[in-house]
1. When you go through Ser167, Ser209, Ser199, Ser176 one by one, which is the residue that is in contact (Cβ under 8 Å) with a residue 24 or more places away in the chain and over 21 Å from Leu261 (Cβ atoms)?
2. Going by the structure shown, is Thr161 among the hydroxyl-bearing types (Ser, Thr, Tyr), touching a Pro at 6+ places or on another chain (Cβ under 7 Å), surrounded by fewer than 20 Cβ atoms within 10 Å (Cβ to Cβ) and at negative phi?
3. Which numbered condition trips up Ala148, out of (1) touching a residue at least 60 places away in the same chain (Cβ under 8 Å); (2) within 19 Å of Pro83 (Cα to Cα)?
4. Mind listing whichever residues of the stretch 272-293 are within 14 Å of the chain's Cα centre (by Cα), under 15 Å from Gly233 (Cα atoms) and not aliphatic (A, V, I, L, M)?
5. Residue check: is Pro367 at pLDDT below 95 and under 18 Å from Pro127 (Cα atoms)?
6. So which residues in the stretch 119-131 are part of a loop (DSSP other than H, G, I, E, B) and buried (at least 19 other Cβ atoms within 10 Å of the Cβ), if there are any at all?
7. On the given criteria, is Ser215 touching a residue at least 40 places away in the same chain (Cβ under 8 Å) and surrounded by fewer than 16 Cβ atoms within 10 Å (Cβ to Cβ)?
8. Determine which single condition Met188 fails, assuming it passes every other condition in (1) within 18 Å of Gln102 (Cα to Cα); (2) part of a loop (DSSP other than H, G, I, E, B).
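The values are calculated or read from the model by the stated rules, or taken from the named source; none is laboratory data. Note that the structure is predicted; figures quoted are calculated from it, not measured. Neighbour counts are summed over all protein chains in view; Cβ atoms, including those assigned to glycine, are modelled from backbone coordinates with ideal geometry.
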Amino acid sequence: MLRYAPFALIWLIGIPFAVWLVLAPSNADPRYWQVDIVDVKLGSTDVFNPAENAKDKTTLKDAAKSNTLPFAPPPKMDGGFSPPPPLPSDGIRIKALNPDLQEDTDHGTLPRAAADGRAPWQYYARPFPPDDKRPRLAIIVKDMGLSAAGVTDGIATLPGTITFAFSPYADDLAKSMQSARDAGHETMLELPLEVPPGSTEDPGTLAVSSTQTTSVNQDNFFKLLSHMPGCVGVITEGGQQLVNNQNMIQPLMQNLSTRGLLMVDDTQQNETLTPLIAEQLKAPWARSLFSIDGTLSQDAMDAAMGKAVEAAKQNGRAVVIAGAEPLTRATIANWARRLDREGVVALAPISAVVTLGSAQAAPQVAPAPAPDNTSQVPAGAPPGNTPANAPNAPNTPGNAPGVMQPPPEVTPPSDDSSITPPDGSMNLLNPKASNGAPAPNLLDPSKSAATPAPPPVPPVSPQANH
C-alpha cells in the first residue's frame with residue numbers, strides 16, 4: 001500500500017488547488033490581478049499600482065460586466081510626459097536638390113561646391129531673418145531616421161528651426177531626409193568617428209578611425225557623403241580622441257570645407273583642434289558643449305536647456321544637442337514655445353549659428369539687398385538667391401569672395417596616388433602630409449617642419465558697409 005501513498009497525496013492536494021484556480025479569480029482583489037504600470041514620467045523607473053488608491057475595490061468579474069476599468073486613471077503629475085500638440089506648417093521648404101551641387105562618383109552621388117561659389121551649407125539653408133540681432137540658439141536632434149515614427153512625430157511637433165541630424169545607418173534615409181526638408185528642417189548627417197578605448201559605443205562599419213588604413217577610411221568617408229543629398233553638413237559622432245589627431249582631422253575638415261559643407265564638433269570637449277583648423281580654412285564650423293538628455297529627467301533636461309540659453313545670451317550663440325527619444329522631443333517642443341513666447345533668444349537653424357573660422361562672437365550677418373522667398377515655394381521651383389542667413393553669400397554686394405571656393409590644392413604623394421579622392425583636391429585621411437612630411441603643428445607652430453604654408457584664404461568681412 002505504501003507504494004500508492006505519493007499518488008494519493010498528489011490527489012489530495014491537487015484537487016483542492018484546481019478548484020481554487022477556478023473559483024478564486026471571481027472574488028480576488030484587483031491588486032492581485034492588475035499588472036503593474038511603469039510611470040512614463042521623465043527619468044522615472046518607479047512602478048505604481050493605480051488600484052492601490054482606488055476607492056472602489058471592484059472585482060474583475062464586475063469590471064468585465066461594466067466594461068470599464070476598476071480604477072480611475074492616476075492624475076497627471078506636474079512635469080510628467082505628455083506628447084506635444086502638432087504644429088501648423090509655416091510654409092517654408094528647403095530648396096530642391098540642385099545638380100550643380102552634386103557629382104557622380106564610384107561611391108555614388110556626393111555633395112560639392114558649385115563652380116560659381118555656391119555651397120550646399122548655404123543653398124540648402126533655412127532662411128533666417130538677417131536683421132534679427134538677438135542671441136541665437138540652434139538645437140540639433142540626432143539619431144533621426146532610426147525610427148520612422150520618430151521622424152514623423154518630429155516633423156509634426158517640432159518647429160522648422162530645429163535641425164535634424166540623421167544616422168547613416170537609418171533605413172529609407174533619402175526619403176526621411178526629404179520629408180524633413182519639405183517641412184522646412186535643415187538636415188545633417190552624423191559622421192561616425194572612432195571612440196575611445198573601453199567605450200561601450202559602437203561607431204559602426206562606416207566609422208573613420210586612426211586604426212584603419214587610409215584606403216578604408218577614404219572609402220568609408222565617401223560612402224557617408226553619398227548618404228547626404230541636400231544636407232548642410234555633418235556632425236561628429238564619437239571622435240573624442242580623433243579630433244586632437246591633426247593628421248586625421250585636418251584633411252577630413254579640409255575635404256568638407258572644399259565641398260561646401262559645414263561641420264559641428266559634438267565631442268563635448270572645450271579644447272580640440274577643430275577651431276584651429278576651422279580658422280586656418282575659414283570653414284563653416286560650430287561646437288556644442290550642451291547635451292540636454294544625458295540624464296532623462298525633466299529637471300535635468302530643463303536645467304541643461306537653461307544653461308544653454310544663458311550661454312547664448314552671453315556669447316551670442318549656442319548649439320544644443322539632443323537625442324530623438326519621445327521624451328526629449330517633448331522637452332524641446334516645450335522650450336521652443338517658451339523661447340518664442342519670451343522673445344529674448346532666437347531659435348535658429350544651424351546654418352545661422354556657425355561661424356567662418358573659430359570666431360567666438362556671434363556671426364555677423366550682412367543685410368540682404370532683397371528678401372529671398374525662394375525657399376517658401378514648392379520643391380522643384382528654380383533655384384534663386386542664396387538664403388538670407390548665409391554670412392558670406394557668393395555674389396552678394398559688399399561681401400567678401402565666397403569662402404567656399406576650394407582652398408589651395410595639395411598635391412598627393414606619388415606613392416599613394418591610387419587613393420586620390422574623386423575630385424582630385426586632396427589625399428583624404430593620409431597619415432602623411434601631401435609632401436610626405438608631417439602636417440604643421442597647429443598647437444605649437446615652432447615644432448612644425450620647415451615647409452612653406454599654403455596661402456591663406458581671403459578673410460571674411462564681418463559686416464558689409466552700404
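1. Sole residue among the options that is in contact (Cβ under 8 Å) with a residue 24 or more places away in the chain and over 21 Å from Leu261 (Cβ atoms): Ser199.
2. Criteria not met by Thr161.
3. With (1) touching a residue at least 60 places away in the same chain (Cβ under 8 Å); (2) within 19 Å of Pro83 (Cα to Cα) applied to Ala148, the lone miss is (1).
4. Arg287, Ser288
5. It is true that Pro367 is at pLDDT below 95 and under 18 Å from Pro127 (Cα atoms).
6. Selection gives Ala119, Tyr124, Ala125, Arg126, Pro127, Phe128, Pro130.
7. Considered against the rule, which asks whether it is touching a residue at least 40 places away in the same chain (Cβ under 8 Å) and surrounded by fewer than 16 Cβ atoms within 10 Å (Cβ to Cβ), Ser215 comes out as yes.
8. Among (1) within 18 Å of Gln102 (Cα to Cα); (2) part of a loop (DSSP other than H, G, I, E, B), Met188 violates only (2).
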